1. If the requirement is being in a strand (DSSP E or B), closer than 15 Å to G67 by Cβ and of a type in the set (G, A, S), which of these qualifies: G132, G142?
2. Please determine, by comparing only the residues of the range 173-198 that are small (G, A, S) and part of a helix (DSSP H, G or I), which one is surrounded by the fewest Cβ atoms within 10 Å (Cβ to Cβ).
3. Taking into account only those residues within the range 256-275 that are over 24 Å from P44 (Cβ atoms), touching a residue at least 60 places away in the same chain (Cβ under 8 Å) and not aliphatic (A, V, I, L, M), which is surrounded by the most Cβ atoms within 10 Å (Cβ to Cβ)?
4. Quick one: which of G97, G106 is modelled with pLDDT under 95, assigned to a loop (DSSP other than H, G, I, E, B) and touching a strand residue (DSSP E or B) at 6+ places or on another chain (Cβ under 7 Å)?
5. Based on what the data block shows, is E2 acidic (D, E), farther than 18 Å from E81 by Cα and at pLDDT 95 or above?
6. Among the candidates A85, A95, A133, single out the residue that is in contact (Cβ under 8 Å) with a residue 24 or more places away in the chain and in contact with a helix residue (DSSP H, G or I) (Cβ under 6 Å, 6 or more places away or on another chain).
7. Only residues that are touching a residue at least 60 places away in the same chain (Cβ under 8 Å) and surrounded by fewer than 19 Cβ atoms within 10 Å (Cβ to Cβ): list them for the range 224-248, please.
8. Would you mind stating whether G29 is small (G, A, S), more than 17 Å from the chain's Cα centre (by Cα), within 20 Å of A176 (Cβ to Cβ) and part of a loop (DSSP other than H, G, I, E, B)?
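The values are calculated or read from the model by the stated rules, or taken from the named source; none is laboratory data. Note that the coordinates shown come from a computational prediction; the quantities given were computed from them, not determined experimentally. All Cβ positions, even for glycine, are placed from backbone atoms using ideal geometry, and neighbour counts span all protein chains on display.
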Amino acid sequence: MECELGINFTGDAPVEFIRRCAATASGAGFTHLWAGEVRGRDHPFVLLPLLANASRSATVGTCIISGLANPWERIKAAFTELEAAYGRRFIAGVAPGDLRSLRIEGIATAGALERMRRCILSLRGSVPVYLGASGPKMIELGSVLAEGLLLNYGNPGHLRWALGHLRGKPRLLSVAPALVLPDRRNLGELRGACAVVAAGANRAFVAHAGIEREVEEIRRLVERGRWSMLRQYERFLLENFAISGTLAEIEERFEELRRLGVEQVVLAPPFFKGGEKTIKRVGERLCTC
């Protein structure tokens, strides 16, 4: 089975830099260009036209936007406009989002599972819908109703646990913070991205993996904004929540995930901040596997 390669962008970098990186990724064989939602930064709906203009061939989507913070009517209207302008090459990647952060913003999070079910059903037929999921109930929901699952697991062992909760046969995508190492400039951001994933990790998964103590300590540091103290957990974070290492090590991880049935690996931030040369190297290496 061939495995597609995607790259995820966030609106915390200059627009022109994102455009160049997206064009480079498409030219190097990346099949999908994704835009992720970071609260307080440019919304993915601002980035999607930029990505669509950067490539005439790549599929473009959100990875992810919150179905709790973004009403399904708004999501549907946005993708309808995008498809009218650029053709039918978009994917709506939705998920509840980080519940703790949403509550801080005053966004209601009660009934998240049922609200995501309604969101998927309301969008189906207008645009392909992929659900971002990490816990058993959300994985089961997405595997039955959505066309694809954006699984927040880049560690093959952890992904096997997630796959055990499938109830249907959706397309499977592995999404994780990624970086080609060494990269001193972006290593701290990689630690932080992994820590945010760990802090929001599903409790059933954390218990299964036997990493409750480490995750709770990391969660406290994230809540207090003690980012520099994450250095002591660097090895743990990268082993459990990242796709990182030398180019050869990333290629090995790519192949491991492919053998598990993953149809696309999405390299999430801070990967794109490594720049055009790194994106080109990775695409030329992995997209010929």
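1. On the way: G142 fails: in a strand (DSSP E or B).
Just one listed residue meets the conditions, G132.
2. So the first thing to find is which residues in the range 173-198 are small (G, A, S), and the list is 174, 176, 178, 188, 192-193, 195, 198.
Adding the requirement that they be part of a helix (DSSP H, G or I) leaves 188, 192-193, 195, 198.
On the way: G188: 15, G192: 18, A193: 23, A195: 25, A198: 24.
Only one residue tops the list, namely G188.
3. Within the range 256-275, the match that is surrounded by the most Cβ atoms within 10 Å (Cβ to Cβ) is R258.
4. Working: G106 fails: touching a strand residue (DSSP E or B) at 6+ places or on another chain (Cβ under 7 Å).
After applying the criteria, what remains is G97.
5. On the way: acidic (D, E): yes; farther than 18 Å from E81 by Cα: yes; at pLDDT 95 or above: no.
When the stated conditions are applied, E2 does not pass them.
6. Details: A85 fails: in contact with a helix residue (DSSP H, G or I) (Cβ under 6 Å, 6 or more places away or on another chain); A95 fails: in contact with a helix residue (DSSP H, G or I) (Cβ under 6 Å, 6 or more places away or on another chain).
Of the residues listed, the single one that is in contact (Cβ under 8 Å) with a residue 24 or more places away in the chain and in contact with a helix residue (DSSP H, G or I) (Cβ under 6 Å, 6 or more places away or on another chain) is A133.
7. Quick first cut of the range 224-248, residues touching a residue at least 60 places away in the same chain (Cβ under 8 Å) only: 239-247.
Within the range 224-248, E239, G245, T246, L247 meet the criteria.
8. Details: small (G, A, S): yes; more than 17 Å from the chain's Cα centre (by Cα): yes; within 20 Å of A176 (Cβ to Cβ): yes; part of a loop (DSSP other than H, G, I, E, B): yes.
Judged against the criteria, G29 is a match.
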